[in-house]
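Scroll down for the structure; my scribbles are underneath it.
The values are calculated or read from the model by the stated rules, or taken from the named source; none is laboratory data. Computed from a prediction, not measured in an experiment: that's the story for all the values here. All Cβ positions, glycine included, derive from the backbone under ideal geometry; neighbour counts span all protein chains shown. All accessible areas refer to the heavy atoms of the entire protein, side chains included, with ligands and DNA or RNA removed. Shrake-Rupley method; radii C 1.70, N 1.55, O 1.52, S 1.80 Å.
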Amino acid sequence: MQDTVNIRILGREYKVKAGGDEKRIQSLSRYVNEKVLDVQHSGNAISTMELVAVVMLNMADDVMNAKTDLQTYKETIAGRIDQLIQNIDKGSK
């Protein structure tokens with residue numbers, strides 16, 4: 001059974017059915033609210049829908065940047081592992 005978690009976004013309270021950790025869900029709602037405040041303070045959105053759209057775009061950009069960073073790290077680590085294997089192979093001959 002999924003627990004119901006109360007969160008507050010844009011000053012409104014929502015009941016969310018969530019199978020996850022309540023503390024994590026609360027943390028996620030705080031993150032969303034921080035992003036909302038960032039956009040509100042920048043003055044880039046006028047209506048609530050514009051605010052939501054800009055926040056979603058910003059969050060999608062964060063996700064894409066994180067994915068790109070992760071891929072870069074994976075490639076760097078794979079390259080270093082290959083280099084170490086080559087060094088080990090050269091040393092064992």
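Suppose all protein chains stay in the model; what accessible area per residue would a 1.4 Å probe give for the chain, in Å²?
Working: 7810 Å² over 93 residues.
On a per-residue basis, 84 Å².
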What order do M59, M64 take when sorted by accessible area (1.4 Å probe), most exposed first? M64, M59
Rounded to whole Hz and in sequence order, give me ³J(HN,Hα) for the stretch 79-92 from the Karplus expression 6.51 cos²θ - 1.76 cosθ + 1.60, θ = phi - 60°, writing x for Gly and Pro. x, 5, 5, 4, 5, 5, 4, 5, 5, 5, 4, 5, x, 8
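Starting from the Cα gyration tensor of the stretch 1-45, take the square roots of the eigenvalues, sort them a ≥ b ≥ c, and report rounded, prolate or oblate (rounded when a/c is under 1.5, otherwise prolate if a/b is larger than b/c, else oblate). Walk me through the numbers on the way to the answer.
Working: a/c = 4.09, a/b = 2.48, b/c = 1.65.
It comes out prolate by the Cα gyration axes.
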Please turn the phi angles of the stretch 31-43 into ³J(HN,Hα) values with the Karplus equation 6.51 cos²θ - 1.76 cosθ + 1.60 (θ = phi - 60°), one per residue in order, whole Hz, x for glycine and proline. 4, 4, 5, 4, 5, 4, 4, 4, 5, 4, 6, 6, x
Pairs on different chains or at least eight residues apart, Cα atoms closer than 24 Å: how many lysine pairs in the chain fit? 5
Taking every other residue with Cβ under 11 Å from the Cβ of N58 and scoring Lys and Arg +1, Asp and Glu -1, one gets -3
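When a/c reaches 1.5 or more, the comparison of a/b and b/c decides; with that in mind, is the chain rounded, prolate or oblate per its Cα gyration tensor? Each step should come with its number before you reach the end.
Details: a/c = 5.13, a/b = 2.09, b/c = 2.46.
Oblate shape, in that a/c is at least 1.5 and b/c is the bigger or equal ratio.
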Phi-based couplings in Hz for the stretch 59-69 (Karplus 6.51, -1.76, 1.60; Gly and Pro marked x): 5, 5, 5, 4, 5, 4, 5, 5, 4, 5, 4
